[in-house]
Amino acid sequence: MRPGIRVVLGLGGLALVVVGVLLAFRGASDLTALGSLLVGAVVAVTAVSGRLPKEVGLQRVTFGADDRSAQAYREALYDAVRQALPEVHPPSRDKDWHPRRPTYWVDELQLRVVIRWARDRSVHLDVSTIESDLSGTREAVAVLLITNVDEIDDLSAAARSRAGERAAVVRWRSTEDNATLRHTARGLGAPDGRSS
């Protein structure tokens, strides 16, 4: 967060705290005074730390109508995969990697990580798109499809029909989903059947 914005937020937060105190002393509604104090405190803490507290939602990736949203999702997810598999080398870009259709490769697990996201998480991804993503994947390779959409049952069925038991789909929207991502990626295991 830029220093100028932090200063403005800090002053605004302090002003809200002062207003809340004044409202409390003047006998105004307790709810109004408390609301002003709480909002002021959150804004002041945000200004001091330079970022929103996790409870307010900084850790959740927002989905907008431009390429920056896709890039933010891709970068956050790449970091999440690295954290989920700290014992292996970082994923590398697969040969068909494209910013709008990123695909990564985890060499030690023979794992292909396919990322497909939608600007609106209620969008239903077309299974035929996923099947084309999985076509050409060798039998010994595991496939992990990661997406932000709500409905993943059809995607899971398509992934398994194309790549067998070493295929899975994970819904990932924020760092809160890291545990599921870690469990699924490790569950796919190494080519010889060992779990990582």
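The values are calculated or read from the model by the stated rules, or taken from the named source; none is laboratory data. In this text the structure is predicted, and so the values were computed from the model without any measurement. Every residue, glycine as well, gets a Cβ built from its backbone with ideal geometry; the counts of neighbours run over all protein chains shown. Surface accessibility is based on the protein's heavy atoms, side chains included, excluding ligands, DNA and RNA. Shrake-Rupley method; radii C 1.70, N 1.55, O 1.52, S 1.80 Å.
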Largest-first ordering by accessible area, 1.4 Å probe, given options 2, 116: 2, 116
Net lengthening on full extension, residue 128/residue 39 (0.36 nm per residue, minus Cα-Cα): 27.3 nm
Distance between modelled label sites at residue 154 and residue 76, nm, 7 Å Cα→Cβ extension: 2.5
Listed residues 126, 94 arranged by accessible area, highest first, probe 1.4 Å: 126, 94
Label point distance in nm, residue 32-residue 6, each placed 7 Å from Cα along Cα→Cβ: 3.4
At R0 = 22 Å, FRET efficiency that the Cβ-Cβ distance of residue 178 and residue 89 yields, to 0.05: 0.70
Estimated inter-spin distance, residue 25 and residue 101, nm [label 7 Å along Cα→Cβ]: 6.6
